[in-house]
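The values are calculated or read from the model by the stated rules, or taken from the named source; none is laboratory data. Just so we're clear, the structure is a prediction, and the values are computed from it rather than from any experiment. Glycine gets a Cβ as well: all are built from the backbone with ideal geometry, and neighbour counts include every protein chain shown. Side chains are part of the model used for accessible areas, which takes the heavy atoms of the whole protein and leaves out ligands, DNA and RNA. Shrake-Rupley method; radii C 1.70, N 1.55, O 1.52, S 1.80 Å.
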Amino acid sequence: MGKMIRLDKFLADMGKGSRSQIREGAKKGRVEVNGQTEKKPERKIDPDRDEVAWDKVVVEYRMLEYFMLCKPQGVVSATEDKRYPTVVELLKGEGRKDLFPVGRLDLDTEGLLILTNDGELAHQLLSPKKHVDKTYYARVAGILPKDAKEKIASGMTLGDGTLVQPGKLEIAGEKTLALPGEFAMAEDGMQGETEVYLTIQEGKFHQVKRMFEALGCKVTYLKRISMGTLTLDESLCPGEYRRLTEEELAGLKGNGEIRGL
Ligand code: URA
């Protein structure tokens with residue numbers, strides 16, 4: 001026997017509406033289990049054996065799953081790749097064939113990546129119209145201009161003329177490193193490395209790296225630490241993952257709003 005779940009949860013997970021809409025629907029006779037009208041939304045069903053219909057249409061069971069991965073460097077954000085291991089392969093122990101990453105991080109970028117089979121949530125998180133914040137920790141080589149924060153806050157033009165939306169820059173720490181020989185800056189023989197947090201809402205190709213390039217600096221290390229309300233679990237080492245908690249998932253779904261329910 002498979003896992004028993006509540007009828008209203010089953011239908012909500014399959015995208016038929018919010019739990020309360022489903023309860024209403026059940027009362028009105030819109031739900032059937034094995035061909036019989038079922039008015040009790042709390043009834044437990046076995047998705048592998050029971051046939052559930054909503055408005056006379058059988059609802060196929062596809063359990064939605066949500067994981068947070070701390071993506072390591074050297075792994076591509078894709079489901080298949082000829083040259084490199086993929087983020088999906090890191091979750092192969094889950095035995096699911098339908099997981100995909102929500103958006104992409106570069107090969108050499110680490111940090112928070114959501115893997116799911118919920119195409120609807122992925123779309124909501126990635127749609128530029130939803131303005132979901134993404135925060136990155138970066139180490140940046142070179143000297144940031146004094147007005148870097150203002151430049152980022154007002155929306156920048158990248159090297160190739162691409163306009164990016166306003167972002168928020170926080171300087172976490174500044175180290176001035178004396179570097180030998182060829183790396184030394186001509187004037188003072190010192191080269192700076194700055195630790196920053198950058199929050200942006202878009203996800204243009206290499207966007208963070210290109211924004212700092214446009215400021216005359218180079219990103220030497222990049223890690224995503226949050227996406228919307230979801231923050232990377234600091235106990236996850238690169239390559240490790242875990243399921244999202246109910247609270248984390250509810251936060252991402254914006255209490256149902258984000259799914260347009
Ligand atoms: N911006 C980048 O430049 N790289 C990433 O991986 C993510 C954002």
Next on the checklist: If you count only protein heavy atoms with a 1.4 Å probe, what accessible area per residue comes out for the stretch 80-183, rounded to a whole Å²?
Outcome noted: 59
Next on the checklist: Can you give me the % of accessible surface on the chain that is carbon or sulfur? Probe 1.4 Å, all protein chains present, nothing else counted.
Outcome noted: 49
Next on the checklist: Order Y241, Y137 by their accessible area, 1.4 angstrom probe, all chains in place, largest first.
Outcome noted: Y241, Y137
Checklist outcome for this item: Rounded to the nearest 10 Å², the 1.4 Å probe accessible area of M14 is 30
Item to check | Kirkwood Rh, angstrom, the stretch 76-150 [1 / mean 1/r, Cα pairs] | outcome: 14.8
Checklist entry - In the stretch 13-75, what is the count of Lys pairs whose alpha carbons are under 27 Å apart, counting only pairs at least 8 residues apart or on separate chains? => result 17
Item to check | Long-range amide H partners of L113 with built H, under 5 Å | outcome: L69, K71
Checklist entry - Rounded to the nearest 20 Debye, what is the dipole magnitude of the chain about its Cα centre when Lys and Arg each give +1 and Asp and Glu each give -1 at the C-beta? => result 1020
Checklist entry - Just the projected area, averaged over all directions, of the convex hull on the alpha carbon atoms of the stretch 1-104: how many nm²? => result 8.2
Item to check | With all protein chains modelled, accessible area of F100 [1.4 Å, Å²] | outcome: 60
Next on the checklist: What FRET efficiency comes out for Q165 versus T231 if R0 is 25 angstrom and r is the Cβ-Cβ distance? Round to the nearest 0.05.
Outcome noted: 0.70
Item to check | Where the Cα pairs of the chain fall when distances are cut into 10 Å bins, in % | outcome: 6, 25, 27, 20, 12, 7, 3, 1, 0
Item to check | Rough spin-label spacing in nm, given labels placed 7 Å along Cα→Cβ, for I5 and K40 | outcome: 2.0
